[in-house]
Amino acid sequence: MPDIKPTTTLEEIVSLSKRRGFVYQTSEIYGGLANSYEYGPAGVEILRKIKNLWWDFFISKREDMLGLDSQILLHPKTWEASGHVSSFADPMVEDKVTHKRYRADHLIEAWLEKHPIANPPVIEAMKIEDMNKFLVENKVKSPDSNEINEVKNFNLLFETSIGVVDTASQKAYLRGETAQGIFSNFKQILDSNRVKLPFGVGQIGKSFRNEITTGQFVFRTLEFEQAEIEYFFDPETSNWEKLFKDWQDKMWYFVTQILGVDESRLRWRRHDDAERSFYSKDTYDLEYLYPFGWKELWGIAYRTDYDLKQHMEFSGKSLEYTDPFTMKKFVPHVIEPAVGVNRLFLMVLCDAYYKDEEKSRLVLKLDQKLAPYQLAVFPLLKNKEELVAKAREVYTALSKEYRVSWDERGNIGKRYLSQDELGTPYCLTIDFETLEDEAITVRQRNDASQERIKLADLEAYLQNVLA
Ligand code: GAP
């Protein structure tokens, strides 16, 4: 197995993100808000492109897929039925001195990294009692080297209340996953669409979890966006293993071929019996080698008919499907590929990060489809009217078709470097010669090579290179 390393450190990604407007800390002027980030002008472009590509590939282009946009606030019974109210929890410990809270499993993971032991425990499979025992036996301390309290379960659902009176009957939750909106709309979808099993429903939307682990940038946040699919099928006529494998292949294809991520930093990890949810028949994580190690990017689980049956029980409504040919009535089973858009974003940023030591520059080698700007247009000098006018002409014409950045500040070399960090694939410079020969300099991001292109040929050239 080759020694694969992350492309860079988290500090470098955070610093680039701030410098070039990819990601900012939330409420920075007030000292920030833990585990919360905003997407700046460059970041939002990438985020939108990822979502559009996901929607296009998994929904628009498939006959067997439908889209949905359900609410963040659902009937509170939804979360009782799904099991989130009773068991959507992380194991938490508290520092006895600072009262800061930490995930017990993360403390154990960090301890094991520093103190490798033979036959380490499978952390994902540890129960609260196992974690307590481990922490006590190994005298594990908090990151501030203080004693810690015993492990408790900490529910991740954000509670809120509807209306002005804060009583139990008004209690609601910000959704902890988008999936439950799909299950609770299953009957409406069946009744209002001519669908036949197998078919899937996908949606992209915000979810909320009261995460206590800090310091993983946009990987783990309180508010995040999920892109989830529930693929419904009849387990008697469809082979679930084949469907499962097909979805895994689609996930891999999306990441490597559509987002253009290097597959050497991707791997599958199967959940063992202890880690897997009791209702799931099989679960895999597609992991990416982030700067802080191999972590879950995208999960896929065969959730059987558990969720629909739970909603049937709690709502008293039938969520059965009737086969149009055999008239067999049954509750469909489901395979769920669920990804966090923000984790896709962080992966894309890390994967594109490239230090060009030879040319002393930092380049974001983003897939062209994902770059915030496809082109940048510069007049060589900003105080030469004729150059600026010509460059504006080019900029205006190209803006009709592409997202184009305009920059006239400082020297041309610095402008190139700043576009390299934004991941802009092509920079176009209008110089004095342009006024004579109607040609411009086109500079490529990846190898910094330059060529002269006639303005008359520019459209065809760009159509070819930005195809
Ligand atoms: N419906 C299944 C479900 O929600 P999950 O593994 O808890 O499963 C699915 O979440 C995906 O959502 C994860 O693979 C991850 O990409 C993303 N995700 C989960 N919690 C997150 C958080 N706090 N911040 C960012 N992304 C998160």
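Taken together, the values in this text are just the output of simple stated rules run on the coordinates, not laboratory data. The model shown is predicted, which means the values in this text are computed figures rather than measured ones. All Cβ positions, glycine included, derive from the backbone under ideal geometry; neighbour counts span all protein chains shown.
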Quick check: the angle from helix 104-114's long axis to the longest principal axis of the chain, C-alpha only, nearest 10 degrees? 60
Tilt, helix 341-352 to longest principal axis of the chain (alpha-carbon atoms), in degrees rounded to tens, equals 40
At most 10 other Cβ atoms within 10 Å plus a DSSP loop assignment makes a site exposed; report the longest stretch of the chain without any exposed trypsin sites (Lys or Arg not before Pro). 195-399
Can you give the calculated 222 nm mean residue ellipticity of the chain, where each DSSP H run of n ≥ 4 adds -39,500 (n - 2.57) and the sum is split over every residue, rounded to the nearest 500 deg cm²/dmol? -9500 deg cm²/dmol
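Do any GluC sites (Glu not before Pro) in the range 1-107 lie in a DSSP loop with no more than 16 other beta carbon atoms within 10 Å, and if so, which?
Those that pass, being in a loop and sparsely packed, are 63.
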Would you work out the charge dipole size for the chain about its Cα centre, treating the Cβ of every Lys and Arg as +1 and the Cβ of every Asp and Glu as -1, and quote it to the nearest 20 debye? 460
Run through the range 204-268 and list the GluC sites (Glu not before Pro) located in a DSSP loop whose Cβ has at most 13 other Cβ atoms within 10 Å. 236
The chain: angle of helix 10-20 to the longest principal axis, Cα-based, in degrees nearest 10: 50
